[in-house]
Amino acid sequence: MKIFGLAGWSGSGKTTLVQRLLPALVARGVTVSTMKHAHHAFDVDKPGKDSYVHREAGATEVLVTSEKRWALMHENRSDPEPEMADLIKHMSPVDLLLVEGFKAHAHDKLEIHRPSVGKPLLADDDPHIIAIATDDAASVQAIAARALPILDLNDVPSVADFIIDHCNLSQTKQAVSDGAT
């Protein structure tokens, strides 16, 4: 399973890009899962639901299942947040795991940068950022401390191709193209 990250400051458009990339990658024959880091308390459960009651009553894990999907919720309680590598072990194998967030983790990443957000480039301090996707290439080139490929944030097919090529998933892409002819 190849792991590729999307990193950027809040408001830069990471989630929007993931939402647009997923259909582009899937259409190229790549199986994709995602992992997102949240910096705040979040809850996928709803008060009053049985699963919520189970967790509130002290269950460490609650698995909810139906014919359409299943979800496993794990309470960290007083344990520290798990490392990214430990979380990946819970993921089913796919061609590509797209990781949103986890800025400090050492995996290859595409920085999503909008100069209008007013934040500095992450790439200047993160050697694992291998390219930058932006809506203002000229501004990014002017402030970047190191030369990196700069992608058009709004050209999703090109961003998808970049990820496929970087992760050596071209064989998957080619197999789908060959099958379509």
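Restricting attention to segment 114-135, the residues being assigned to a loop (DSSP other than H, G, I, E, B) and surrounded by fewer than 15 Cβ atoms within 10 Å (Cβ to Cβ) number 6. Just so you know, in segment 5-20 the residues that are surrounded by fewer than 21 Cβ atoms within 10 Å (Cβ to Cβ) and of a type in the set (A, V, I, L, M, F, W, C) include one that is farthest from Asp124 (Cα to Cα), and it is Val18. The set of residues from segment 116-127 being in contact (Cβ under 8 Å) with a residue 24 or more places away in the chain and under 24 Å from Asp161 (Cα atoms) comprises Leu121, Leu122, Ala123, Asp126.
Going through (1) aromatic (Phe, Trp, Tyr); (2) closer than 16 Å to Leu21 by Cα; (3) without any contact (Cβ under 8 Å) to a residue 12 or more places away in the chain one by one, Phe162 falls short only on (3). Listed by first and then second residue, the pairs with beta-carbon distance under 6 Å, at least 6 apart or on different chains, first residue in segment 54-81 and free of Cβ contacts under 8 Å to residues at least 24 places away in the same chain and hydrophobic (A, V, I, L, M, F, W, C), second outside any strand (DSSP E or B) and surrounded by 10 or more Cβ atoms within 10 Å (Cβ to Cβ), are Val62/Ser51; Val62/His54; Val62/Arg55; Val64/Ser51. Please verify whether segment 44-59 includes one or more residues that are hydroxyl-bearing (Ser, Thr, Tyr) and surrounded by 12 or more Cβ atoms within 10 Å (Cβ to Cβ). Looking for residues that are hydroxyl-bearing (Ser, Thr, Tyr) and surrounded by 12 or more Cβ atoms within 10 Å (Cβ to Cβ), one finds at least one in segment 44-59, hence yes. Of everything in segment 59-111 that's acidic (Asp, Glu) and either over 14 Å from Ile3 (Cβ atoms) or not in a loop (DSSP other than H, G, I, E, B) (or both), which residue is nearest to the chain's Cα centre (by Cα)? Of everything passing the filter in segment 59-111, Glu100 is nearest to the chain's Cα centre (by Cα).
Can you confirm whether Pro47 is free of Cβ contacts under 8 Å to residues at least 24 places away in the same chain, under 23 Å from the mean Cα position of the chain (by Cα), farther than 25 Å from Gln19 by Cα and in a loop (DSSP other than H, G, I, E, B)? Criteria not met by Pro47. Lys36 passes every criterion in (1) buried (at least 16 other Cβ atoms within 10 Å of the Cβ); (2) within 23 Å of Ile164 (Cβ to Cβ) apart from (1).
Out of Arg77, Arg28, Arg69, I need the residue that is of a type outside the set (Val, Ile, Thr), closer than 30 Å to Val156 by Cβ and loosely packed, with under 12 Cβ neighbours inside 10 Å. Which one? Going through Arg77, Arg28, Arg69 in turn, the sole match is Arg69.
Just so you know, all these numbers are worked out from the coordinates, no wet-lab data involved. Computed from a predicted model, the values in this text were never measured in an experiment. Glycine also receives a Cβ, built like all others from the backbone with ideal geometry; neighbour counts cover every protein chain displayed.
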